[in-house]
Amino acid sequence: MGFNYLTNVPLEQAKRDYRDLLLSNGFAGKTETVAVQESCGRITAEAVYANINAPHYAASAMDGVALRAKDSFGATETTPVTLTEKQFVVVDTGDPVPEGCDAVIMVEDIVKNADGSVTIHSPAAPWQHIRQIGEDVCAGEMILPGYMEVTPAAIGAMIAGGVMELTVVRRPVVGIIPTGDEIVPPCASPKPGDILEFNSSIFSSMLDSWGACHKTYPIVPDDFDAIRDMTAKAAAECDMVILNAGSSAGREDFSASVMQELGQVLYHGIAIKPGKPAILGCVGAVPLLGVPGYPVSGIIVVEELLRPLVDLWFGRDTSGRSRARAKLTRPVVSGLKYQEYVRVRMGYVGDRLMAAPRPRGSGVVSSFMKADGILEVPQGTEGYQAGDEVRVRLLNSKKKLKNTLVIIGSHDPLLDELADMIHSENHGMYVSSSHVGSMGGIMAVRRGEAHAAGIHLLDTETGEYNKSYIRKYFPHGGVYLVRCVGRQQGLILPRGNPLKLKCFADVSRDGIRYVNRQKGSGTRILMDYLCRRDGVDPSAVYGYEREELTHNSVAVQIASGSADVGMGIYSAAKLYDLDFLPMCTEEYDLLIPETVWSSSMMQQLISTLKSDAFRTRIQAMGGYTLDHPGEIISVF
């Protein structure tokens, strides 16, 4: 595009054309590796995965005594149980749970006896008051996707996950060149005719607030050669350059001609007031922005034309934060004594802002890192019901929340990979997934609380997946069932299968410790079906009531030795180098309401599912079959 002296280009056109020109010249953010402790506020250049589990050992969550839960069975107020010193170990909060123990009783719930024994008046449930290995973060799980800002909570999550350094987008260095014969460095007593040069201080402060670095050069007099040489030097040393003053049409306004000699001028003159004389130019992939000398004009030009380039470099949107009213997707129960702060994941479904409460454990730092808002439950309030409208303090902008796909339903690690791919391809789009099980996902879609739900529900009468449930819960239709993946479900076992489990029925053998999934999950439904098929009494399965919310969490318990077997997917077993006894290949599909099918966000999701990049990434995880993902299976 040719250079026109003192053009009058509309601002949005100028932004678009300038961006296109710079991208075609190779403009892009550069990366560097930094220590996690120094990464707050930085932007990740790629996904960050945990190296270890957090916690990495089973830890007592209370002060009290650790014991075998079975030793407490039968204790009541009228028939208390007394434990000898050999049957328990005194523990403090955070202590490792001793070998052979699988429960902790709080010190408040025991009676100490003179002979060193303790008496209890109620039984302990297996694994009560124990922080499970991987409760916060599981090794191999994605902690942060690419192109996301590192928060203080994220630093804690990464360190907890054994990540000591990460690759981030390097802060761009922006050179600031002040020019003019009449300007002088800031001082307390300027002489008549001196103009204090403070624009550079304004611009550098703006850059600091955007996460960029600034490099202010000495004041350059109104001399073509001097300005050219300094501009060439700055373009060689910096990622972007602001050439301050000299952008008008006066006899000593050399900025446009300097830019033209060194590189290229796209526009000289933007249809804004103040700020019209702005110059958009470049030397290769290095933007050169000619800024008017008047401070208000300069601020407007830098804000409108340079800030988008900084955001483009970082791959982010810049928006404000505020409070908003949202609809709760699940109930929140709170005590009366305190004002409670509940972290929530959020997104707009239609015109309604939905808020899904996150885990509230004080040790679960990742729940804060992944929160989109904070629900403040006032003191004296018992909580809120699902469907209640509540006021939430936003941690992310409404713009971001309106560009967030809300997926509620069955857990699968591929949702994290999918979210990373979508956001990396389209930095203005996000995915928020909440793991509540397949049935929870169906109900969320039915109530209009989600854009999609991951489901894998087996009809035990027909052997068909998902369709019969959709017919039951959506008798009037209005939803699409979209193919996602086939995935292997089976028993996850320690490496080498030391207990020699050969079939599903072996989970009920004496001495076998099972770890289950939560009620309503497709994996739990499959477990119960296999129990009926093989004549296994669930009450005979030690650990049947022990629930985890994700496949990775199940695998972590087995890898750590706190459980011997659990039902899960092959990719989770592979991630932790565990053995796997396959039971079936199930259909993991997406349920999508007809009302959002044509939206740009949903079509981006479908496009990503159909991409070769998705196929390559998911196949590398292992245990999946991909038979035309993204295609419609049925319309109901």
Next item on the list: Post the alpha-carbon centroid distance, the stretch 480-529 to the stretch 136-213, in whole angstrom.
Entry: 49
Notebook entry, point to check: Of Val258, Val333, which has the most accessible area with a 1.4 Å probe, and how do the rest follow in descending order?
Noted result: Val333, Val258
Check: In what sequence, highest mean first, do 267-280, 85-98, 135-148 appear when ranked by Cβ atoms within 10 angstrom?
Finding: 135-148, 267-280, 85-98
Next item on the list: Tell me what the chain gives for mean residue ellipticity at 222 nm when only DSSP H runs of n ≥ 4 count, each as -39,500 (n - 2.57), the sum divided by the residue total, rounded to 500 deg cm²/dmol.
Entry: -7000 deg cm²/dmol
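If you stretched the chain out fully between Arg495 and Cys584, how much longer would it get, using 0.36 nm times the residue separation minus the C-alpha to C-alpha distance?
Values: separation 89, 0.36 × 89 = 32.04 nm, distance 2.03 nm.
Length gained between Arg495 and Cys584: 30.0 nm.
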Next item on the list: May I ask you to compute the full-extension gain from Glu99 to Val333, defined as 0.36 nm times their residue separation minus their alpha-carbon distance, rounded to one decimal in nm?
Entry: 80.8 nm
Next item on the list: Calculate the length of the line joining the C-alpha centroid of the stretch 560-636 to that of the stretch 242-314, in whole Å.
Entry: 48
Margin query: If you average the alpha carbon positions of the stretch 12-35 and of the stretch 79-116, how far apart do those two centres end up, in angstrom?
Written below: 62
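Compute the semi-axes of the equivalent ellipsoid of the stretch 382-486, taking the square root of 5 times each eigenvalue of the Cα gyration tensor, and list them largest first in whole Å.
Working: eigenvalues 140, 76, 28 Å².
Its equivalent ellipsoid spans semi-axes of 26, 19, 12 Å.
How many Å² of accessible area per residue for the chain, probe 1.4 Å? It would help to have the intermediate numbers written out before the result.
Numbers: 27220 Å² over 636 residues.
Roughly 43 Å² per residue, with all protein chains present.
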Notebook entry, point to check: For the pair Lys399 and Met164, what calculated FRET efficiency results from E = 1/(1 + (r/R0)^6), where r is the Cβ-Cβ distance and R0 = 30 Å, to the nearest 0.05?
Noted result: 0.35
Item checked: Check: the stretch 13-77 dipole with +1 on Lys, Arg Cβ and -1 on Asp, Glu Cβ, in debye -> 300
Notebook entry, point to check: Round to a whole number: what % of the accessible area of the stretch 104-226 belongs to carbon and sulfur, probe 1.4 Å?
Noted result: 58
Check: For Val111 and Glu545, what is the calculated FRET efficiency with R₀ set at 25 Å and r taken between the beta-carbons, to the nearest 0.05?
Finding: 0.40
Check: So how strong a dipole does the stretch 180-254 carry about its Cα centre when Lys and Arg Cβ are +1 and Asp and Glu Cβ are -1, to the nearest 20 debye?
Finding: 160
Check: Which parts of the stretch 97-129 would a label at Thr82 reach, counting a residue when its backbone N lies under 15 Å from a point 7 Å out along Cα-to-Cβ?
Finding: 111-121
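Taking the Cα centre of the chain as the origin, how large is its charge dipole in debye, to the nearest 20, when only Lys and Arg (+1) and Asp and Glu (-1) carry charge on their Cβ atoms?
That gives the chain a dipole magnitude of about 1320 debye.
Remind me, relative contact order of the chain in percent, using alpha carbon pairs under 8 angstrom and six or more residues apart? Display every interim value, and only then the final one.
Numbers: 1466 pairs, mean separation 75.9, N = 636.
With pairs under 8 Å counted, the relative contact order is 12 percent.
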Notebook entry, point to check: For Ser539, Ser424, Ser117, what's the largest-to-smallest order of accessible area, 1.4 Å probe?
Noted result: Ser539, Ser424, Ser117
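Given the peptides 487-494, 531-538, arrange them by the average over their residues of other C-beta atoms within 10 Å, most packed first.
487-494, 531-538
The values are calculated or read from the model by the stated rules, or taken from the named source; none is laboratory data. Given the structure is predicted, the values throughout are model-derived calculations rather than measurements. Ideal geometry is used to build each Cβ from the backbone, glycine not excepted, and the neighbour counts take in all protein chains shown. Areas reflect the complete protein model, heavy atoms only, side chains present, ligands, DNA and RNA absent. Shrake-Rupley method; radii C 1.70, N 1.55, O 1.52, S 1.80 Å.
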